Amino acid sequence: MSASADPRATIDATAVRGTKAQRADALHDLSIAHAELGHLDVAARYAQRGLRLTGEARFHLTLAWIDLDRGRGKQSLAHLDLATPHLRGRELARARCLRGLHLCQSAEPRLAIAELTAVIKELRRHGDQRWLANALIGRGIARCNATQVARADADFTSAQTLLHAIGEPGRAAMCLHNRGFVAMLAGDLPLALRRYEDAAKAGLDSTSRPEALVDRAEALLAAGLTTEARRVLTPALELLRRCNRHVPELAVLSARCALRAGDPAPALRLGGSDVEFMLAAGKLDAVAAHRFRGPVQTRALGWLAQARRSDRRGALAACRAGLRLLDEHLGDWPRRELTGHALGLARTAREVLHWSERHRASVPLPPKEPELARALTRLRRARAFGLPLDALERDVRRLALTAVPRGVRASVAEPDLPLVSFIVHNGHMRAVTVVDGRARLRDVPGATTLVHDTRLAVAAGRAVPTPEGLLPDADEIVVIPDGVLHAMPWGALGRRIHVIPSLRHWRRPRNPGRRVWITGPRLLHDEVPALQQEHGGDRVKPFADNTLAALEGAGIVHIAAHGVVNVDNPLFSYLELEDGPLYGYDIARLENPPEIVVLSACESGLARAFLDAGTRAVIASVLPVPDAQVSKAMAEVHRLIDHPVEAARAVAHLGFSCYGTGTRVAACRAAANDVPVHNACVEPTVAGTSTPSATTFTHGP
């Protein structure tokens, strides 16, 4: 086993003793082994000792490699210059390989590709498999720089196969990680995250290769998880400091995290050619020039810059072009920046309605994937037993991102009712009202006070008149809330109000199907036995697996349980069951969700999860629900359940509203034969544009 293949065993088994030649071999093996583990200072000391002992060119070659890893290009080339005159055959090909790796970092990519292609032919002729893998990885990096993503992936795949064949699984795992980077360049974030995850499972040691953490942080930032990206960058920074290794991408990525969090100062200090920093600095012309070339995210930023420097007509055209690009390549960032800019330019009610729908965040559905299900089970048990949750929640978020999301289920109908769509933009709330095909735009002042007063009135049992001017003069209305209006108890306003997250959530009805009844633990009053006796159906034991199985394909589901809202991540909101929480992540993974759901629970925040999964209507409350008042009210709900919006009015005094399409089943079914379809718009996020590190190669002969 070589020092490169098993560095720890080499360090444990190697002693510097014996003849001069034996000591030189031991020093060389120790240098290679420590370099493999990222101990570059220690590796350099062993190589320097060997150089002083024998003056052999192989020690210059090793030091050239170590300095390349450290980011010390001049010192590395100096060692190569000293070594090259004394090298022949295979050793000379290795030196040429190192020079090719230098070209990857400092020259036009085509020069590096040409040089490494020639070196690959030489190394194949010599049968030098390990260094052939190095050259393939280097050429893969050069091809990444030239955005030749398919060829780069082929090089990394070939290197991965070679390294497996010679018994170096850790290095092979790094090649798989690099293939994740290629997926990032191609704009396939779920595939990138999946490959990063598979590489870690295959033995990639991020403690000796902290650059892998930098790549992972880049992917998390691309996914919009700025806090998570910062958490990954912190240990990466410390590990790189210990290794005395300089990675320029780290400072850039840290500044990008700060910029996404609203602090442009680090980005403005760094400046340079990062297009995101240039945009923050107002260099619109320079950024706009990128809209026709480069990775997807770079081009999208170019269109955003073009929008910011254009007149209104040109800006809207640029926003549309940027969004088409992201739609074609399944990209997300900077989608909201593009839609937000267009929304700020919208003048007419129809324009505001159109761009507000584009601006509303679409929620990708977590995949129906066994590993994610197991992670949710581990999290459920940990919460049930009071164990730490942070790491387990991170696992769930990560696994939800590593598979291709299923997307928000497409709408199959449009509301034939008066519509009010609220939108908050730049701290200002406006509303678009559509009645009989005519759209009107207006400002909505004092929304926070309005919601506060309405909630107090409902909690106190007082009548709540509809605030003047908030809703059109109609008995049945569709409302799309935004901002603070999500907390409004809409059902208490004396109208039949259907509350939907977006027009995509207005749905045709299906056949109602079977009824399911679920009661969670610790309830003082349980209305379920009496309701089941009156309406029939199946009562399910309140355990997560049983509940999820019962929800699949159900018609009407009634869940009486305590609920807990997670404001930061609604998919971690949950309902209490006997074996722990039923999370929004669980609900959103349903493939055939219930038609109608009654959440007889305190505000759980789970109505959106059911609607995204495909449920037509959810009757739920935004206020704490007093157990003693629920039983009688829920009896009336189920007598009216065929018309969910009417059923919600029976419990409006308790803060309940109808979320989703609450029209009468028979009437809606008759009218649902000839309606247009709204397509969901949910895509994975594109990746960043840094390059793989030179430390992805195999050290030593």
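Could you tell me what percent of the DSSP beta bridges with both partners in the range 419-499 are antiparallel, to the nearest 5?
On the way: 13 of 20 bridges.
Of the beta bridges lying entirely in the range 419-499, close to 65 percent run antiparallel.
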Pop a pseudo-label 7 angstrom from the Cα along the beta-carbon direction at both Ala549 and Leu623 and give the gap in nm to one decimal.
3.9 nm
List the residues whose amide H sits under 5 Å from the amide H of Val499, counting only those 5 or more places along or on another chain, with H placed 1.01 Å from N in the peptide plane.
Val479, Cys658, Tyr659, Gly660
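When the Cα atoms of the range 527-636 are enclosed in a convex hull and the volume is divided per residue, what value in Å³ results?
Roughly 95 Å³ of hull volume per residue.
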Using a Cα-Cα cut-off of under 19 Å, which aspartates and glutamates could be cross-linked to Lys283, ignoring same-chain neighbours fewer than 8 residues away?
Asp263, Asp274, Asp311, Glu337
Tell me, what ³J(HN,Hα) does each residue in the range 266-277 have, in order and in whole Hz, if you take phi through Karplus 6.51 cos²θ - 1.76 cosθ + 1.60 with θ = phi - 60° and put x for Gly and Pro?
x, 5, 5, 5, 6, x, x, 9, 5, 5, 5, 5
For the chain, the longest principal axis of the Cα atoms and the Cα long axis of helix 370-384 enclose an angle in degrees, to the nearest 10, of 70 degrees
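What does the extension gain come out to for Asp526 and Arg269, with contour length at 0.36 nm per residue minus their alpha carbon separation? Display every interim value, and only then the final one.
Numbers: separation 257, 0.36 × 257 = 92.52 nm, distance 6.12 nm.
Here the segment from Asp526 to Arg269 would lengthen by 86.4 nm.
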Quote the Stokes-Einstein diffusion coefficient, in whole µm² s⁻¹, for the range 91-241, based on the Kirkwood radius over alpha carbon pairs, a temperature of 20 °C and a viscosity of 1.002 mPa s.
136 µm²/s
Kirkwood calc, the range 190-258, C-alpha pairs only, radius in angstrom 12.1 Å
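For the chain, give the share of DSSP beta bridges that are antiparallel, in percent and rounded to the nearest 5; count only bridges with both residues there.
Numbers: 25 of 50 bridges.
The answer is about 50 percent antiparallel.
Once you wrap a convex hull around the alpha carbon atoms of the range 470-590, what is its projected area averaged over all directions, in nm²? Working shown, then result.
Numbers: hull surface 37.8 nm².
For the range 470-590, averaging the hull's shadow over all directions gives 9.5 nm².
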Computed FRET efficiency, Cβ-Cβ of Glu476 and Thr117, R0 56 Å: what is it to the nearest 0.05?
0.20
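I need the calculated FRET efficiency for the pair Glu578 and His535, taking r as the beta carbon distance and R₀ as 25 Å, to the nearest 0.05. Don't skip to the answer; put the middle values down first.
On the way: r = 23 Å, r/R0 = 0.94.
According to the calculation, E is roughly 0.60.
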Of all the C-alpha pairs in the range 302-343, what % are more than 10 Å from each other?
64 percent
Once you put a point 7 Å from the Cα of Asp453 and another 7 Å from the Cα of Lys20, both along the Cβ direction, what distance in nm separates them?
9.6 nm
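Can you pull the Rg over Rh of the range 548-605, Cα-only, Kirkwood? Walk me through the numbers on the way to the answer.
On the way: Rg = 11.0 Å, Rh = 11.6 Å.
Checking Rg against Rh, the ratio lands at 0.94.
What's the whole-number percent of alpha carbon pairs in the chain lying beyond 49 angstrom? Provide the component values of the computation, followed by the final result.
On the way: 69097 of 245350 pairs.
That tail contains 28 percent of the Cα-Cα pairs.
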log₁₀ of I(q)/I(0) at q = 0.26, 0.28 Å⁻¹ - the range 118-166, Debye sum with one point per alpha carbon
-0.90, -0.99
The range 7-201: radius of gyration and largest Cα-Cα distance (Dmax), Å:
17.2, 56
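Rank these for me by crowding, Asp205, Asp12, Asp586, Asp332, going from fewest to most other beta carbons within 10 Å. The partial results should precede the final answer.
Numbers: Asp205 16, Asp12 9, Asp586 27, Asp332 23.
If I rank by nearby Cβ atoms, fewest first, I get Asp12, Asp205, Asp332, Asp586.
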Over its Cα atoms, what ratio of radius of gyration to 2.2 N^0.38 Å does the range 419-499 give?
1.06
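Figure the gain on full extension for Thr227 and Gln48 (residue separation times 0.36 nm, minus the Cα-Cα span) and round it to one decimal in nm. Intermediate values should be presented prior to the final figure.
On the way: separation 179, 0.36 × 179 = 64.44 nm, distance 4.21 nm.
Length gained, Thr227 through Gln48: 60.2 nm.
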Just to check I understand the Karplus step: with θ = phi - 60° and J = 6.51 cos²θ - 1.76 cosθ + 1.60, what whole-Hz values come out for the range 450-458, glycine and proline as x?
4, 5, 4, 5, 5, 5, 4, 5, 5
When the charge dipole of the chain is computed with +1 on Lys and Arg Cβ and -1 on Asp and Glu Cβ about the Cα centre, the Cα farthest towards its positive end, among His28, Leu401, Leu253, belongs to His28
Between Arg8 and Arg293, what is the spin-label point distance in nm, taking each point 7 Å from the Cα along the Cα→C-beta axis?
4.7 nm
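Ranked highest first by the average count of other Cβ atoms within 10 Å around their residues, in what order do 503-511, 172-180, 484-492, 365-373 fall? Provide the component values of the computation, followed by the final result.
Values: 503-511: 19.7, 172-180: 26.6, 484-492: 22.2, 365-373: 17.7.
In decreasing order of mean packing, 503-511, 172-180, 484-492, 365-373 become 172-180, 484-492, 503-511, 365-373.
With +1 on each Lys and Arg Cβ and -1 on each Asp and Glu Cβ, how big is the dipole of the range 56-111 about its Cα centre, in debye rounded to the nearest 20? Write out the running numbers ahead of the final one.
Details: 10 positive and 6 negative charges, 26 e Å.
Dipole magnitude for the range 56-111 comes out near 120 debye.
Calculate for the chain the 222 nm mean residue ellipticity that helices alone would give, adding -39,500 (n - 2.57) per DSSP H run of length 4 or more and normalising by residue count, nearest 500 deg cm²/dmol.
Values: 31 runs with 371 residues, N = 701.
Theoretical 222 nm ellipticity from helices: -16500 deg cm²/dmol.
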Charges only on Cβ, +1 for Lys and Arg, -1 for Asp and Glu: so what's the dipole of the chain about the Cα centre, in debye to the nearest 20?
1920 debye
Find how much the distance from Asn592 to Arg313 grows on full extension, using 0.36 nm per residue of separation minus their present alpha carbon separation; answer in nm with one decimal.
96.1 nm
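For Lys283 and Ala261, FRET efficiency with R0 = 22 Å and r from the beta-carbon atoms, rounded to 0.05? Intermediate results must be reported in sequence, preceding the final value.
Numbers: r = 21 Å, r/R0 = 0.96.
Taking R0 as 22 Å, the efficiency between Ala261 and Lys283 is 0.55.
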Whose amide H sits under 5 Å from the amide H of Leu87, counting only residues 5 or more places off or on another chain, with H placed in the peptide plane?
none
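Eigenvalues of the Cα gyration tensor times 5, then square-rooted: what semi-axes does that give for the range 572-622, in whole angstrom, largest first? Before the final figure, lay out each step's value.
Working: eigenvalues 51, 37, 16 Å².
Over the Cα atoms of the range 572-622, the ellipsoid semi-axes are 16, 14, 9 Å.
What are the semi-axes of the equivalent ellipsoid of the range 365-480, taken as the square roots of 5 times the eigenvalues of the Cα gyration tensor, listed largest first and rounded to whole Å? Numbers along the way, then the final one.
Details: eigenvalues 319, 100, 41 Å².
Over the Cα atoms of the range 365-480, the semi-axes work out to 40, 22, 14 Å.
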Burial ordering of Phe385, Phe277, fewest other beta-carbon atoms within 10 Å first
Phe385, Phe277
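None of the figures in this text is laboratory data; all of them are computed from the coordinates on show. Worth saying up front: this structure is predicted, and the values here are computed from it rather than measured. No Cβ is skipped: glycine too gets one built from the backbone with ideal geometry, and neighbour counts run over all protein chains shown.
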